[in-house]
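Asks: Before we start, here is the structure in question, set down as structure tokens.
The values are calculated or read from the model by the stated rules, or taken from the named source; none is laboratory data. Since we're looking at a predicted model, the values are computed, not measured. Ideal geometry is used to build each Cβ from the backbone, glycine not excepted, and the neighbour counts take in all protein chains shown.
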Amino acid sequence: MVDAGLVRLACHWVLASVGTADSQPDFLRRVPRPLGNGAAASEGSLGKDDAGGARETARRIARALRQIRNTRGRATDAVALEGGAQRWFPVYRLELAPQAISSGLMKMKLPVALLSGCALFGSIPIEPSATLFENAQVKVIRALEKPHVKGKFHEHTQNRVMIYLQAGRQRFEYQDGRQPSVFDWKEGEVKWSAPEGMHSPEVIGNDAFNIIEIELKEAGTGNAITSDLDPVKLDPKDYKIEFENSQVRVLRATIAGHGATPMHEHSLNRVTVFLTDQDFRVTDPQGKVDVVKHKAGEAVWGTPITHREENLSDQPFEVIAVELKN
């Protein structure tokens with residue numbers, strides 16, 4: 001038996017986009033939607049036949065939360081959000097009350113900080129610590145950060161790019177007498193991390209999370225990327241620069257369901273970290289076609305390549321590419 005509260009709690013998190021689960025804005029209300037057996041999803045448990053549906057609902061909610069996060073604080077049409085809820089959540093729906101329209105509250109902002117619950121549903125599964133791969137340019141580690149486990153004092157001697165696969169809160173203590181710092185990491189957040197001396201981290205939230213840590217072994221050239229087929233130039237809607245310095249350029253690509261990119265070139269070696277599952281049709285300049293699949297949370301090594309990509313999935317795709325300037 002699967003507790004129907006699982007689905008209910010997940011939908012509350014979505015509603016938290018515009019308020020807390022216990023204090024909704026007046027223009028939103030929750031409406032139970034019947035399950036396949038005709039019973040409303042309220043209190044109690046779901047039967048065996050509905051267990052798979054509950055799990056799938058949780059996965060869809062996690063994906064939808066990521067899509068909401070991608071608005072990055074931009075005003076989002078409330079009607080579009082409600083339509084998305086109808087599509088994503090088969091058990092619950094968000095319904096606009098009439099006063100929403102009469103008061104003109106057709107726009108709302110969706111803060112990224114509301115997504116702290118995403119990790120519980122595991123939109124990206126939490127995995128043990130491991131070295132994923134290593135070569136002359138990088139060492140790529142998946143770190144598991146467990147709650148309420150104080151780490152030993154240690155230091156990092158190389159610059160790193162940190163990609164947070166789930167949300168989490170960490171406290172850092174420093175051996176040199178600096179005051180402790182507290183950081184609230186967001187799912188999918190990317191940060192530059194320079195060596196900062198001996199430190200001890202501790203997760204002070206209640207949920208474990210993974211970090212993909214990319215250690216940079218070589219100094220960068222600082223050269224600008226000048227290719228005429230640079231995806232940032234050709235497809236600025238889908239490819240955004242997170243940050244750039246002398247060692248790396250870090251891109252975030254978001255491609256809509258069944259969306260496609262123009263032919264473009266990745267001119268540098270790179271580490272690619274998938275924030276969603278990938279199901280792509282990839283075409284090279286000679287017309288050769290491959291289908292490429294990856295799972296959310298994977299990190300892979302890539303070399304220079306020119307291709308066109310098409311998202312075969314109904315769902316939006318999101319990936320981080322760390323391009324190496326050495």
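Asks: If the requirement is being at positive phi and over 15 Å from the mean Cα position of the chain (by Cα), which of these qualifies: G259, G287?
Replies: Details: G259 fails: at positive phi.
Every option except G287 fails the conditions.
Asks: Of all residues in the range 284-303, count the ones that are in contact with an Asp or Glu (Cβ under 7 Å, 6 or more places away or on another chain) and either among the acidic types (D, E) or touching a residue at least 24 places away in the same chain (Cβ under 8 Å) (or both).
Replies: Of the residues in the range 284-303, 2 are in contact with an Asp or Glu (Cβ under 7 Å, 6 or more places away or on another chain) and either among the acidic types (D, E) or touching a residue at least 24 places away in the same chain (Cβ under 8 Å) (or both).
Asks: Condition check: in contact (Cβ under 8 Å) with a residue 24 or more places away in the chain, assigned to a strand (DSSP E or B) and over 17 Å from the mean Cα position of the chain (by Cα). Does R281 satisfy that? I'd like the intermediate steps shown before the answer.
Replies: Numbers: in contact (Cβ under 8 Å) with a residue 24 or more places away in the chain: yes; assigned to a strand (DSSP E or B): yes; over 17 Å from the mean Cα position of the chain (by Cα): yes.
Against the criterion (in contact (Cβ under 8 Å) with a residue 24 or more places away in the chain, assigned to a strand (DSSP E or B) and over 17 Å from the mean Cα position of the chain (by Cα)), R281 qualifies.
Asks: If you don't mind, there's one more thing I want to ask. Can you pull out every residue in the range 233-256 that is in a loop (DSSP other than H, G, I, E, B) and in contact with a strand residue (DSSP E or B) (Cβ under 6 Å, 6 or more places away or on another chain)?
Replies: Pass one, the range 233-256, residues in a loop (DSSP other than H, G, I, E, B): 235-238, 245-247, 256.
D238, Q247, listed by residue number.
Asks: Next question. Among the candidates E265, E218, which residue alone is part of a loop (DSSP other than H, G, I, E, B) and more than 30 Å from G177 (Cα to Cα)? Show your work before the answer.
Replies: Working: E265 fails: part of a loop (DSSP other than H, G, I, E, B).
Of E265, E218, the one residue that is part of a loop (DSSP other than H, G, I, E, B) and more than 30 Å from G177 (Cα to Cα) is E218.
Asks: Can you tell me which residue within the range 236-252, out of those that are without any contact (Cβ under 8 Å) to a residue 40 or more places away in the chain and surrounded by 19 or more Cβ atoms within 10 Å (Cβ to Cβ), is farthest from L268 (Cα to Cα)? Spell out the reasoning first.
Replies: Step one: filter the range 236-252 for residues without any contact (Cβ under 8 Å) to a residue 40 or more places away in the chain, giving 236-241, 244.
Among the residues that remain, those that are also surrounded by 19 or more Cβ atoms within 10 Å (Cβ to Cβ) are: 238-239.
On the way: D238: 19, Y239: 16 Å.
Here the residue is D238.
Asks: Yes or no: D230 in contact with a Lys or Arg (Cβ under 8 Å, 6 or more places away or on another chain) and within 27 Å of I214 (Cα to Cα)?
Replies: On the way: in contact with a Lys or Arg (Cβ under 8 Å, 6 or more places away or on another chain): no; within 27 Å of I214 (Cα to Cα): yes.
Against the criterion (in contact with a Lys or Arg (Cβ under 8 Å, 6 or more places away or on another chain) and within 27 Å of I214 (Cα to Cα)), D230 does not qualify.
Asks: Still on this structure, I have one more. Six or more apart or on different chains, Cβ under 6 Å: which pairs go from a residue in the range 312-326 that's assigned by TED's automatic domain parsing to the domain that holds V282 and within 19 Å of E298 (Cα to Cα) to one that's among the small types (G, A, S) and assigned to a strand (DSSP E or B)? Could you list them?
Replies: V319/A253
Asks: Here is a follow-up. Could you list, in sequence order, all residues of the range 150-192 that are touching a residue at least 40 places away in the same chain (Cβ under 8 Å), surrounded by 14 or more Cβ atoms within 10 Å (Cβ to Cβ) and part of a loop (DSSP other than H, G, I, E, B)?
Replies: Scanning the range 150-192 gives G151, H156, Q158, N159, L165, Q166, A167, K186, E187, G188.
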